[in-house]
Amino acid sequence: MVSIDNLGVEFSATPLFTDVSFVVNPKDRIALVGKNGAGKSTMLKIIAGLQQPTSGAVSKQKDITIGYLPQVMVLSDEHTVMEEAETAFAHISEMQERLNKLNQELSERTDYESEDYMALVEKFTHENDRFTMMGGANYRAELERTLQGLGFQREDFDRPTSEFSGGWRMRIELAKLLLQKPDLLLLDEPTNHLDIGSIQWLEQFLAQRANAVILVSHDRAFINNVTNRTIEITCHRINDYKVKYDEYVLLRDERREQQLRAYENQQKEIADLKDFIERFRYKPTKSNQVQSRIKQLEKIVPIEVDEVDNSHLHLKFPPCLRSGDYPVICDTVAKNYGSHTVFSNVDLTIKRGEKVAFVGNNGEGKSTLVKCIMSEIPFDGNLKVGHNVQIGYFAQNQAQLLDGEITVFDTIDRVAKGDIRLKIRDILGAFMFGGEASDKFVKVLSGGERSRLAMIRLLLEPVNLLILDEPTNHLDMQSKDVLKQAIKDFDGTAIIVSHDRDFLDGLVDKVYEFGGGKVREHIGGIYDFLQKKQIESLNELGRNMSAAGSPSDNNNAVNKPAPSASQATPSTLSYAELKERNKAIKKAEKAVEAAENKVFEIEEKISEVETKLATPEGAADESLFTKYGELKAQLAAAEDEWEEATIALEEISAK
């Protein structure tokens, strides 16, 4: 499908990678991995045709389509959500316009027996068949499914995109890309702006419906669930592993051990040769043997050991004051934005030393409660921050508060104290500011780099209550490991708002679930929480929470009013009623899943027939057209079943 041959890239005469060759096959799910700066994003840009390599070539099959999602995109503010998503079907809209014009022309003409009129009828028939084959009659249903899968509600479809935060607008761009169904998807950190439910939906979409995928991500769980092949960029070349990410890690470690043993043996051989040459260089009787050893030494090809960080850097928060036994106590806390209730009757107590997670779909109030704890916004109810509590807060906007006129090194040097000052460059290296990057001025850093720098600075400040709002979005896997271990070793209290399951796993001992205007406490880790909810994945979290998943404005305001007191909620039902309700919900969910799978299967069959019809032989086969028509009818019926099942699920969930 796509062949990369002897690819080489240099920046200022410094090689990024050399002689890189690999082939992308249909249905490949490739994880592109390597340390930051290894060239992963550059590789995606070259394959997408947005950047030219220094040497080598990228060969593509004729008529292949490639979709590329960069980390940073230029977003449009001129349309509603639906209008912007519909641009993915611009070709269908153009065909619809042509059909309308042809239909208008046919209705206005009266020369029914003329050759021109018959030619016009034939043209209309041909265009209409193409329109049907390309899904022109049912594309809107697929569009709505994709937007809802990424967290949008139906009432959001007619809202202007300018009302949404940057993360939600990035979802619209992702939806457009997925709807175009390219032969090859290139995704650069697609999970940075998604909540847990949407990440799980995207995992399922890529696994079941996408064609070939090349993915760059620092979300371990995501890439391990999606990919079946791992390409590692290291030492300016690639290593191609035909396995998932977890298996690749084991094989990579074995490979490096073998390389290290071979390297050590080679170094011993080189040392022995040099020792012999030095000992007998000036002895005439040994001259032939010396010359033989010199030639032998010249022929040795040095063994390279793949790049690996052997520093095992550990960070520890500096000593701080002991806080009170209960750093945070909430008593019937509520937050409203006009008629919109973000949450109400929040009662929670966080004890000293606890590590807790705030989880839930975007817009359910996680960041809003954090801002209440920080006293940044007004709220109703009682919220008490305990005695001697020193808060260390990380959010994306913290990066904007850094002094742009000093260097990266000076930014950290000014907060570091004691022995830690001797390790500043090691710490900066662990967070991707190694070498010359530590001497850059803060004002020239990108948003992601500023966020990482703000995180390092927080790690070195003496605090006893750590509040982290999506801390892993701009960290690579090594940096996340360093941060995770530092929080584990932290003897204070931590509140972590995150969608990164791998990061939360083994780190938190309590989960607070936000949804439907409520906050519910769950004792245990993130996967204990899933087991208690009796769900297989966090994708089902939004379906089990009332009014979950509605996108918010930048204040995280939920766009629906809270349910009235007269409405029954799961918390007001008896045990028997709740059990029966959950049983009905599970049955309805299975019906929706079965209907979705049926739609996917029929769509795949239609795609196969369309591929055959696109060939001269297929276009002449009347049986294929008959089969195509039958499949289209089956698809329409299956979509009706899916819609009915979805409505039934919504009705049961709303009871």
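The values are calculated or read from the model by the stated rules, or taken from the named source; none is laboratory data. Remember, predicted model here, so these are calculated numbers, not experimental data. Positions of Cβ are backbone-derived with ideal geometry, glycine not excepted, and every protein chain shown enters the neighbour counts. Each accessible area value is taken on the protein alone, full model and side chains, heavy atoms only, with ligands, DNA and RNA left out. Shrake-Rupley method; radii C 1.70, N 1.55, O 1.52, S 1.80 Å.
Data table
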| read-out | value |
| --- | --- |
| Residue in segment 511-541 that is modelled with the lowest pLDDT, counting only those that are under 19 Å from the mean Cα position of the chain (by Cα) and open to solvent by less than 20 Å² (accessible area, probe 1.4 Å) | LEU538 |
| Segment 331-387 - residue that is of a type in the set (S, T, N, Q) and touching a Gly at 6+ places or on another chain (Cβ under 6 Å) and, of those, farthest from ILE523 (Cα to Cα) | THR341 |
| In segment 24-39, residue farthest from the chain's Cα centre (by Cα) [restricted to those that are open to solvent by less than 60 Å² (accessible area, probe 1.4 Å) and closer than 17 Å to ILE66 by Cα] | VAL24 |
| Every pair of residues 6+ apart whose Cβ atoms lie under 7 Å, when the first sits in segment 631-650 and is closer than 14 Å to ALA141 by Cβ and touching a residue at least 24 places away in the same chain (Cβ under 8 Å) while the second is open to solvent by less than 80 Å² (accessible area, probe 1.4 Å) and not aliphatic (A, V, I, L, M) | LYS632/THR132; LEU635/ASN138; LEU635/GLU603; ALA636/ASN138; GLU639/ASN138; TRP642/GLU596 |
| Qualifying position, being in contact with a strand residue (DSSP E or B) (Cβ under 9 Å, 6 or more places away or on another chain) and either touching a residue at least 60 places away in the same chain (Cβ under 8 Å) or open to solvent by 10 Å² or more (accessible area, probe 1.4 Å) (or both), among GLU142, GLU232 | GLU232 |
| Residue tally, condition assigned to a helix (DSSP H, G or I), of a type outside the set (A, V, I, L, M) and either at pLDDT 80 or above or surrounded by 22 or more Cβ atoms within 10 Å (Cβ to Cβ) (or both), over segment 436-449 | 3 |
| Flag if ILE424 is among the hydrophobic types (A, V, I, L, M, F, W, C) and part of a strand (DSSP E or B) | no |
| Lone qualifier among ASN361, ASN336, ASN382 - being open to solvent by 30 Å² or more (accessible area, probe 1.4 Å), at pLDDT below 90 and not in a helix (DSSP H, G or I) | ASN336 |
| Residue pairs meeting the criteria (Cβ under 6 Å; at least 6 apart or on separate chains; first of a type in the set (D, E, K, R), in segment 23-44; second open to solvent by less than 20 Å² (accessible area, probe 1.4 Å)) | ASP28/ALA212; ASP28/ARG229; ARG29/VAL213; ARG29/VAL226; ARG29/THR227; LYS40/LEU32; LYS40/VAL216 |
| Residue satisfying condition, being β-branched (Val, Ile, Thr) and touching a Leu at 6+ places or on another chain (Cβ under 6 Å), within set VAL599, VAL592 | VAL592 |
| Residue tally, condition among the small types (Gly, Ala, Ser) and at pLDDT 75 or above, over segment 608-642 | 6 |
| Candidate set: segment 251-294, residues that are among the charged types (D, E, K, R) and under 30 Å from ILE231 (Cβ atoms); chosen: the one surrounded by the most Cβ atoms within 10 Å (Cβ to Cβ) | ARG252 |
| Test: residue in segment 457-474 that is free of Cβ contacts under 8 Å to residues at least 60 places away in the same chain and part of a helix (DSSP H, G or I) | yes |
| Residue in segment 366-379 that is nearest to the chain's Cα centre (by Cα), counting only those that are of a type in the set (D, E, K, R) and open to solvent by 40 Å² or more (accessible area, probe 1.4 Å) | LYS371 |
| Residue count for segment 153-191, restricted to those that are assigned to a loop (DSSP other than H, G, I, E, B), open to solvent by less than 20 Å² (accessible area, probe 1.4 Å) and under 27 Å from ARG220 (Cβ atoms) | 4 |
| Residues of segment 40-55 satisfying the condition of being out of contact with any helix residue (DSSP H, G or I) (no Cβ under 9 Å at 6 or more places or on another chain) and either assigned to a helix (DSSP H, G or I) or crowded, with 17+ Cβ neighbours inside 10 Å (or both) | LYS40, SER41, THR42, MET43, LEU44, LYS45, ILE46, ILE47, ALA48 |
| Complete set of residues in segment 313-370 that are among the acidic types (Asp, Glu) and under 30 Å from ALA416 (Cα atoms) | ASP325, GLU354 |
| Scope segment 349-358; condition part of a strand (DSSP E or B) and not charged (D, E, K, R); matching residues | THR349, ILE350, VAL356, ALA357, PHE358 |
| Meets criteria (of a type in the set (A, V, I, L, M), closer than 19 Å to ASN6 by Cα, modelled with pLDDT of 80 or more and in contact with a Phe, Trp or Tyr (Cβ under 9 Å, 6 or more places away or on another chain)) for MET82 | no |
| Filtered residue count, segment 135-149, keeping only those that are at pLDDT below 80 and not acidic (Asp, Glu) | 7 |
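Conditions tested, residue by residue: (1) part of a loop (DSSP other than H, G, I, E, B); (2) open to solvent by less than 70 Å² (accessible area, probe 1.4 Å); (3) at pLDDT below 90.
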{"residue": "PRO302", "(1), (2), (3)": "yes, no, yes"}
{"residue": "CYS330", "(1), (2), (3)": "no, yes, no"}
{"residue": "THR341", "(1), (2), (3)": "no, yes, yes"}
{"residue": "ASP347", "(1), (2), (3)": "no, no, no"}
